[in-house]
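Beneath this line is the structure, given in structure tokens, with notes to follow.
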Amino acid sequence: MKKLFASAVLLGLSAPQMVQAAEEVNVYSLRQPFLIEPMLKEFTDETGIKVNVKFAKDGIAEKLAQEGEYSPADVILTVDISRLAELSDKGLVQAVDSDVIDQNVPAQYRDSDDEWFALTLRTRSVYSSRERVGRLPASFDYLDLAKPEWKGKICTRSGKHPYNISLVSSMIAHYGEAETKTWLEGVKANLARKPQGNDRGQVKAVKEGLCDLAIGNSYYLGNMLSDENQKAWAEAVYINFPGQQVNGTHVNISGMAMAKYAPNKANAQKLMEFLTSDKAQHMYAEVNFEYPVKAGVERSELVASWGDFKADTLPLEKIAEYHNAATKLLDEVQFDL
């Protein structure tokens, strides 16, 4: 495993100092600095508790396992239900008993044993070409991606990316492995090119006419519209929310957990509670165009303009149970070849 941990220490503290001060909390994060640093600064301003952060591109579970009881980590911030479930399955996190978090985070979006909690929501949407397709009908479902009418017209990133594995997991949860395998084979037959790139790259491919539909997370649309170099890509598509007349749109999360050997447990819980508060949830919504997990917190104006949608009500904990099966199916149909 590559050691991808980057040096990222907020407020000027170095890594060796991470567990020495009494009023501090140590964070391992897969979330990017620009997104979480404003919230962590606000937390420090309110509480006086210093926040030290190590940012990573991958490998948090491996890092925590290597460090064991000597790990300085208190709070882990990551994306995707599969990564949170992995931390729990490997015994790298601990339960958090907090009425505040339980009130702020719906049961659907947290672990039944209180070992992980969602912070934000994002949909696995389907983008359609404004020029060649228009908006997809309200009846459009993920199952429709396998219909022959879309042959040679769909773009997606690797099937093995966690975002797609979670989508396939949700399909297995709803339809079983046999039907999901048939669906995957149909989607593969409809691909315009070999799976590649990231979610933004799929929208770019629609703009360039390589495909008519692209699978991608919702918040990327906001990010592209805010980037002068990518704005034209976003303006070439409509965002669609599949499954509105059946199971609802698949929703994934970014989330948090408390490390098993957290040396600053009380401060860690204070930070976790703060991140579910109205103030932090609003900041998440404005900075990265994600949906707040706490009910009643307003979406950003741009995200609100995309309209309302019905989310799949299947608990994410249930979806995570099928991640190994989803990976196996993707291998069997050789989706990325």
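The values are calculated or read from the model by the stated rules, or taken from the named source; none is laboratory data. Small disclaimer: the values here were computed from a predicted structure and weren't measured. Don't worry about glycine lacking a Cβ; one is built from the backbone with ideal geometry, like all the others, and counts go over all protein chains shown. The accessibility values were calculated without ligands, DNA or RNA, using every heavy atom of the protein model including side chains. Shrake-Rupley method; radii C 1.70, N 1.55, O 1.52, S 1.80 Å.
SER128 meets all of the listed conditions (1) among the small types (Gly, Ala, Ser); (2) touching a Leu at 6+ places or on another chain (Cβ under 8 Å); (3) open to solvent by less than 20 Å² (accessible area, probe 1.4 Å); (4) within 17 Å of GLY186 (Cα to Cα) but one, namely (4). Can you tell me which residues in the stretch 184-199 are open to solvent by less than 20 Å² (accessible area, probe 1.4 Å) and under 23 Å from the mean Cα position of the chain (by Cα)? Across the stretch 184-199, the qualifying residues are LEU184, VAL187, PRO195, ASP199.
What residue, among those in the stretch 262-291 that are touching a strand residue (DSSP E or B) at 6+ places or on another chain (Cβ under 6 Å) and hydrophobic (A, V, I, L, M, F, W, C), is farthest from ASP74 (Cα to Cα)? Out of the qualifying residues, it is ALA285. Every condition in (1) over 27 Å from ASP114 (Cβ atoms); (2) in a helix (DSSP H, G or I); (3) at pLDDT 95 or above is met by GLU286 except one, and the failing one is (3). Considering GLY134, GLY59, the condition of being within 30 Å of GLY201 (Cβ to Cβ), in contact with a Leu (Cβ under 8 Å, 6 or more places away or on another chain) and surrounded by fewer than 18 Cβ atoms within 10 Å (Cβ to Cβ) is satisfied by GLY59 alone.
Quickly run through the stretch 320-329 and pick out the residues that are buried (at least 20 other Cβ atoms within 10 Å of the Cβ) and farther than 12 Å from PRO162 by Cβ. Spell out the reasoning first.
Restricting attention to the stretch 320-329, the residues satisfying the condition of being buried (at least 20 other Cβ atoms within 10 Å of the Cβ) are 320, 322-323, 326, 329.
TYR322, LEU329, listed by residue number.
Note on the stretch 224-239: residues that are closer than 13 Å to ARG122 by Cα and either free of Cβ contacts under 8 Å to residues at least 60 places away in the same chain or not β-branched (Val, Ile, Thr) (or both) amount to 0.
Residues that are surrounded by 18 or more Cβ atoms within 10 Å (Cβ to Cβ) and assigned to a helix (DSSP H, G or I) are absent from the stretch 289-302.
Residue count for the stretch 22-38 satisfying the condition of being open to solvent by less than 60 Å² (accessible area, probe 1.4 Å), within 18 Å of the chain's Cα centre (by Cα) and farther than 22 Å from SER71 by Cα: 1. Within the stretch 137-170, the set of residues being farther than 25 Å from HIS323 by Cβ and outside any loop (DSSP other than H, G, I, E, B) comprises PRO148, GLU149, TRP150. The requirement of being open to solvent by 20 Å² or more (accessible area, probe 1.4 Å), of a type in the set (A, V, I, L, M, F, W, C), out of contact with any Gly (no Cβ under 6 Å at 6 or more places or on another chain) and part of a loop (DSSP other than H, G, I, E, B) is fulfilled somewhere in the stretch 200-219, by at least one residue. With respect to THR180, is the statement that it is among the hydroxyl-bearing types (Ser, Thr, Tyr), part of a helix (DSSP H, G or I) and either open to solvent by less than 20 Å² (accessible area, probe 1.4 Å) or modelled with pLDDT of 95 or more (or both) true? Yes; evaluated as a whole, the condition is true for this residue.
The criterion of at least 3 residues that are at pLDDT 95 or above and more than 27 Å from ALA326 (Cα to Cα) is met by the following helices (runs of 4 or more DSSP H) wholly inside the stretch 1-113: 33-47, 99-104.
The number of residues in the stretch 303-319 being touching a helix residue (DSSP H, G or I) at 6+ places or on another chain (Cβ under 8 Å) and open to solvent by 50 Å² or more (accessible area, probe 1.4 Å) comes to 4.
Being of a type in the set (D, E, K, R) and in contact (Cβ under 8 Å) with a residue 24 or more places away in the chain is the filter here; which residues of the stretch 301-337 pass it? Break it down stepwise before answering.
Pass one, the stretch 301-337, residues of a type in the set (D, E, K, R): 301, 308, 310, 312, 317-318, 321, 328, 331-332, 336.
Selection gives LYS310, ASP312, GLU317, LYS318, GLU321, GLU332, ASP336.
Only residues that are in a loop (DSSP other than H, G, I, E, B) and closer than 29 Å to TRP116 by Cβ were counted across the stretch 227-254, and they come to 8.
The residue that is surrounded by the fewest Cβ atoms within 10 Å (Cβ to Cβ), among those in the stretch 72-117 that are in contact with a helix residue (DSSP H, G or I) (Cβ under 7 Å, 6 or more places away or on another chain) and of a type in the set (Gly, Ala, Ser), is SER112.
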